[in-house]
Amino acid sequence: MGVLRTSNWRPNFLHCFKPTDPNPDSTKSKKNGASSSSNRISLLDWSGPQSQLSVMSDLSNPVFNLHIFTMRELQKVTSNFTRSNYLGEGGFGTVFKGFVDAKLRPGLEPQPVAVKVLDLDGSQGHREWLAEVIFLGQLKHDHLVNLIGYCCENEQRVLVYEYMERGNLEHLLFRSYAAALPWLTRLKIAVGAAKGLAFLHEEQKPVIYRDFKTSNILLDSEYNAKLSDFGLATDGPEGDETHVTTQVMGTEGYAAPEYVSTGKILTLTICIIKYISGHLTTMSDVFSFGVVLLELLTGRRSVDKKLPIREQVLTKWAKPFLKDTQRLDQIMDPRLEGQYSIEGAKKAAALAHQCLSHHDKCRPTMTKVVRTLERLLELNDISIGFFVYIVPSEVKNEKGCVMKCVEEKNCDEHKNGFEGELKVEGRRRKRHRSSKSKKGCSSSK
Ligand SMILES: Nc1ncnc2c1ncn2[C@@H]1O[C@H](COP(=O)(O)OP(=O)(O)O)[C@@H](O)[C@H]1O
Ligand SMILES: [Mg+2]
């Protein structure tokens, strides 16, 4: 989905920002391949207009540890940005697959890459590009996409990342014609993305990601989730500060209420809203995480204009069901076909409810979210599905109905009799087996 963000920083605005206190020694201390939080150069440290030349020299500071490419080189590695290498696009521009190796730069591992090219006619520009370089150039973590390098040539702005084989979560969850994502895969993705956010929030200089949504969560071949697209990321409050008040933007359906309600809407496009004076903290990211968790549980988009009005905004529609364990199955993704841990779903729903709390102080920290979700991965009451379970032929239940018929979904005559019971039993493999004898469903063969 093409996403537009309105920005008052135009791509032709070539001035850049220089660290006001670029302590050269601070670049030497590294944590997990990234500079530690205390000496990280933040976006706020960069001020005042700079020439393009000075941007290049500032960014060549070893703290960034990035390769600088020319446009010509990037054309070559992507076969001239050919359409067949297209990976996706958003408000910044189009992303193409490419391949780099040591022939391009000594020491560069041979690997596929994703090359994101600024759309010069688009709504984003230098500011978003710089935010990505500054944050991803310094923050290295298993659940953040790795930025390998960039290009800054005249008006051109390009970013080169590690390639993520399975693309973005939005596509996998809502657009893919492949089999639905299984329950445990969804949980694994939620845990990975939560770890990425927790890492950002736990930095000594916390980072607010500001654009947490399914299209910005990328997945590798093993469904490890990584956050990408740091164009809106910003430095959060430190120490005693409780919030930052700033001109911010977000995506409709994901933005926290305090961020929206304190802000005045300036522009409204199809899915992007721009606010001023939004109350912004790391807890705004927690709210957005709650929305994504809800999308994983329900298989529905945060906003879906094709649905009846009362169902269009996911949080509004789903919230009443989240704490009602009797009705939770009414909002679970039908594509899961009941194959999930009931206990896990209840706890995940309660967690989503907490993340979506109207009051930011009532939301859990991302570290707590990670801990809660990790425990859900261990639950083993996962169904093998009500129609997958092999029922011995001609086994009769207490209503005298032949269960085999239920496997054939169209058998209305019998379905009405006990489909409900089977659903409950079928979801819980262990209980199903033992409950058969209790209900007198012993094999009569
Ligand atoms: N590293 C990557 N590997 C694979 N696909 C990617 C990668 N980076 C981006 N993409 C694809 O391009 C889309 C847009 O990328 P994104 O960074 O979100 O751009 P924008 O800043 O324009 O929103 C993603 O949703 C994804 O489908
Ligand atoms: Mg994006």
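The values are calculated or read from the model by the stated rules, or taken from the named source; none is laboratory data. Owing to the predicted nature of the structure, the values given are computational and were not obtained by experimental measurement. A quick note on method: Cβ atoms are made from the backbone with ideal geometry, for glycine too, and the neighbour counts reach across all protein chains shown.
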Fill in the blank from the handout: By residue number, the members of the range 226-239 that are surrounded by fewer than 24 Cβ atoms within 10 Å (Cβ to Cβ) and either more than 9 Å from ligand 1 (Cβ to nearest atom) or part of a loop (DSSP other than H, G, I, E, B) (or both) are Leu232, Ala233, Thr234, Asp235, Pro237, Glu238, Gly239
Practice task
Considering each of Val191, Val133 in turn, give the residue that is closer than 27 Å to Lys347 by Cα, away from ligand 2 (no atom under 13 Å from the Cβ), in contact (Cβ under 8 Å) with a residue 40 or more places away in the chain and of a type in the set (Val, Ile, Thr).
Solution key: Val191
Practice task
Scan the range 177-194 and give yes if some residue there is more than 10 Å from ligand 1 (Cβ to nearest atom), among the aliphatic types (A, V, I, L, M) and assigned to a strand (DSSP E or B), otherwise no.
Solution key: no
Exercise for the section: Could you grab the pairs with beta carbons closer than 8 Å, sequence gap of 6+ or different chains, first residue in the range 81-98 and over 20 Å from Gly231 (Cβ atoms), second one in a strand (DSSP E or B) and basic (Lys, Arg)? Expected result: Asn85/Lys97
Exercise for the section: Search the range 164-175 for residues that are within 21 Å of Pro112 (Cα to Cα) and pair each with any residue that is in a helix (DSSP H, G or I) and hydroxyl-bearing (Ser, Thr, Tyr) when their beta-carbon atoms are under 8 Å apart and the residues are at least 6 apart or on different chains. Expected result: Asn168/Thr214; Asn168/Ser215; Leu169/Thr214; Leu169/Ser215; His171/Ser215
Practice task
Any chance you could count how many residues in the range 288-310 are over 17 Å from Tyr254 (Cβ atoms) and either in a helix (DSSP H, G or I) or in contact with a His (Cβ under 7 Å, 6 or more places away or on another chain) (or both)?
Solution key: 2
Fill in the blank from the handout: Checked the range 194-204 for anything away from ligand 2 (no atom under 15 Å from the Cβ) and in contact with a strand residue (DSSP E or B) (Cβ under 6 Å, 6 or more places away or on another chain); matches are Leu200
Handout entry: Among the candidates Leu66, Leu87, Leu74, Leu59, residue that is modelled with pLDDT under 95, surrounded by 14 or more Cβ atoms within 10 Å (Cβ to Cβ) and within 16 Å of ligand 1 (Cβ to nearest atom)
Key = Leu66
Exercise for the section: Sort through Phe99, Phe81, Phe135 and tell me the only one that's in the same structural domain as Leu43 (by TED's automatic domain parsing) and either in a helix (DSSP H, G or I) or at pLDDT below 95 (or both). Expected result: Phe135
Practice task
Please tell me if Glu295 is crowded, with 21+ Cβ neighbours inside 10 Å, among the charged types (D, E, K, R) and either free of Cβ contacts under 8 Å to residues at least 12 places away in the same chain or on the phi < 0 side of the Ramachandran plot (or both).
Solution key: yes
Problem - Looking only at the range 90-118, and only at residues there that are near ligand 1 (Cβ under 8 Å from one of its atoms) and in contact with a Gly (Cβ under 7 Å, 6 or more places away or on another chain), the one that is farthest from Thr214 (Cα to Cα) - result: Val113
Problem - So Gly107, is it within 14 Å of ligand 2 (Cβ to nearest atom), over 15 Å from Phe230 (Cβ atoms) and in the same structural domain as Glu73 (by TED's automatic domain parsing) - result: no
Handout entry: Given (1) farther than 26 Å from Glu378 by Cα; (2) within 16 Å of ligand 1 (Cβ to nearest atom); (3) buried (at least 23 other Cβ atoms within 10 Å of the Cβ), index of the condition Val207 fails
Key = (2)
Practice task
Kindly check whether there is at least one residue in the range 211-221 that is more than 16 Å from ligand 2 (Cβ to nearest atom) and outside the structural domain of Leu59 (by TED's automatic domain parsing).
Solution key: yes
Fill in the blank from the handout: A careful count of residues in the range 340-370 that are assigned to a loop (DSSP other than H, G, I, E, B) and either under 18 Å from the mean Cα position of the chain (by Cα) or crowded, with 19+ Cβ neighbours inside 10 Å (or both) gives 5
Problem - Restricting the range 138-157 to residues that are closer than 29 Å to Gln204 by Cα and either part of a loop (DSSP other than H, G, I, E, B) or in contact with a Cys (Cβ under 7 Å, 6 or more places away or on another chain) (or both), the residue that is nearest to ligand 2 (Cβ to nearest atom) - result: Val145
Problem - Boolean, Phe174 is in contact with an Asp or Glu (Cβ under 9 Å, 6 or more places away or on another chain) and crowded, with 17+ Cβ neighbours inside 10 Å - result: no
